[in-house]
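Reading through the structure tokens given below for one structure.
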Amino acid sequence: MGLIDRIFGMVFGGGNNLIRDTAEVFVENAEKGAAREAVMRGDALAQFAGEFALQQRGLFDRFMDALNRIPRPAMALGTLALFVSAITDPIWFASRMQGIALVPEPLWWLLGAIVSFYFGARHQLKNQQFHK
């Protein structure tokens, strides 16, 4: 009887269940997996909460952010205004376009570089702030 108890105790009980321990090598324990998943989700939510928490910024920072938001809408609305002016007053529009045609090519390259660096720097800054 003692030998049988020891064999059954070794296989099914005594803190070390040989069948369970062997099966967990091949199949995940669902209860432990769910606990790990819950901890992982909680950590992810805590990280998101930390990333998207509102930060107190000064008046100057808010003013500069507002100022940095002007160029894209101004360029879009300016382009639409050019279309409207071309339709409403073609002679005025043509005279302005003749003036633009006289701008030398290196100045156009400089304008393109300035606009590209402005938007590129802004994109990089916002991307870095997002990753913080």
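Could you list, in sequence order, all residues of the stretch 77-132 that are over 27 Å from Asp61 (Cβ atoms) and of a type in the set (D, E, K, R)?
Once the filter is applied, which keeps residues that are over 27 Å from Asp61 (Cβ atoms) and of a type in the set (D, E, K, R), the stretch 77-132 yields Asp89, Arg96, Glu105.
For (1) of a type outside the set (A, V, I, L, M); (2) outside any helix (DSSP H, G or I); (3) within 30 Å of Arg6 (Cα to Cα), each residue gets a yes or a no:
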residue: Ala23; (1), (2), (3): no, no, yes
residue: Gln47; (1), (2), (3): yes, no, no
residue: Met64; (1), (2), (3): no, no, no
residue: His123; (1), (2), (3): yes, no, no
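From the list Ile91, Ile70, which residue is surrounded by fewer than 10 Cβ atoms within 10 Å (Cβ to Cβ) and more than 39 Å from the chain's Cα centre (by Cα)?
On the way: Ile70 fails: more than 39 Å from the chain's Cα centre (by Cα).
None of the others qualify; the one that does is Ile91.
Looking only at residues that are surrounded by fewer than 10 Cβ atoms within 10 Å (Cβ to Cβ) and of a type in the set (Asp, Glu) in the stretch 1-42, which one is modelled with the lowest pLDDT?
Per the stated criteria, the residue is Asp21.
Are there any pairs with C-beta distances below 7 angstrom linking a residue in the stretch 63-80 that is more than 17 Å from Phe93 (Cα to Cα) to a residue that is in a helix (DSSP H, G or I), with the two at least 6 apart or on different chains, and if so which?
Asn68/Arg122; Pro71/Tyr118
The values are calculated or read from the model by the stated rules, or taken from the named source; none is laboratory data. Bear in mind that the values here come from a model prediction, so they are computed numbers and not experimental data. We place every Cβ from the backbone using ideal geometry, glycine too, and count neighbours over all the protein chains shown.
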